[in-house]
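Working notes, structure below.
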Amino acid sequence: MGAETDPVKAQLLELRASIDNIDAALVHMLAERFRCTKAVGQLKAVHNLPPADPERERQQIARLRRLAKDAQLDPDFAEKFLNFIIHEVIRHHEAIAEKHNGVPTGGEAQA
Ligand SMILES: O=C(O)C(=O)C[C@]1(C(=O)O)C=C[C@@H](O)C=C1
């Protein structure tokens with residue numbers, strides 16, 4: 001039965017069209033975020049700042065947990081998602097620093 005005649009199939013297709021739009025928006029938003037964080041990585045490398053900023057991360061996690069709660073999204077999931085992204089950002093920062101200053105990953109000077 002086609003979507004025109006099967007209301008369940010029609011509803012599923014409609015919902016999936018929204019899911020595809022949301023996934024596309026997520027990809028674009030993540031691309032913009034990584035564009036910004038790569039610039040932050042350059043700035044940190046040039047000025048010899050450490051790749052990670054744990055205090056900033058604490059503030060971001062607390063804020064995101066609050067936002068998630070208000071939006072009826074699981075705050076634990078929001079925290080895990082942010083940590084996953086930040087972990088990747090720190091990996092990029094370390095690679096940029098290594099390229100710029102010859103600093104090995106972890107930000108410590110080599111013996
Ligand atoms: O704000 C910074 O200092 C960043 O490097 C960006 C960012 C992030 O992705 O939001 C990544 C690593 C830091 O530990 C904190 C935050």
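The values are calculated or read from the model by the stated rules, or taken from the named source; none is laboratory data. These numbers were taken from a predicted model, which means no experiment stands behind them. With ideal geometry, Cβ positions are generated from the backbone for all residues, glycine too; neighbour counts draw on all protein chains shown. Please note that ligands, DNA and RNA were not included when accessible areas were found on the heavy atoms of the full protein model with its side chains. Shrake-Rupley method; radii C 1.70, N 1.55, O 1.52, S 1.80 Å.
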Legend entry - Nearest-10 value in Å² for the accessible area of H28, using the 1.4 Å probe: 120
Legend entry - Cβ-based net charge around G41, under 13 Å, with every Lys or Arg adding one and every Asp or Glu removing one: +2
Inset, instruction - Keeping all protein chains in place, calculate the accessible area per residue for the range 7-101 (probe 1.4 angstrom), answer in Å². - result: 78
Legend entry - Of L15, L73, L26, the one that fluctuates the most in a GNM where the chain has Cα springs shorter than 10 Å: L15
Legend entry - Cα-based Rg of the chain normalised by 2.2 N^0.38 Å, two decimals: 1.52
Inset, instruction - Go ahead and estimate [θ] at 222 nm for the chain from helices alone: -39,500 (n - 2.57) per DSSP H run with n ≥ 4, summed, over the residue count, rounded to 500. - result: -27000 deg cm²/dmol
Inset, instruction - Working from Cα positions, state the angle (0 to 90°, nearest 10) between the long axis of helix 75-101 and the longest principal axis of the chain. - result: 40
Inset, instruction - On a C-alpha basis, how far is the centre of the range 8-43 from the centre of the range 75-103 in Å? Whole number, if you could? - result: 19
Inset, instruction - Give me the number: length gained by fully extending Q42 to E4, i.e. 0.36 nm times residue separation minus the C-alpha to C-alpha distance, one decimal in nm. - result: 8.4 nm
Inset, instruction - Pull up the cross-link candidates among the lysines for K44, meaning alpha carbon to alpha carbon under 26 Å and not fewer than 8 places away within one chain. - result: K80, K99
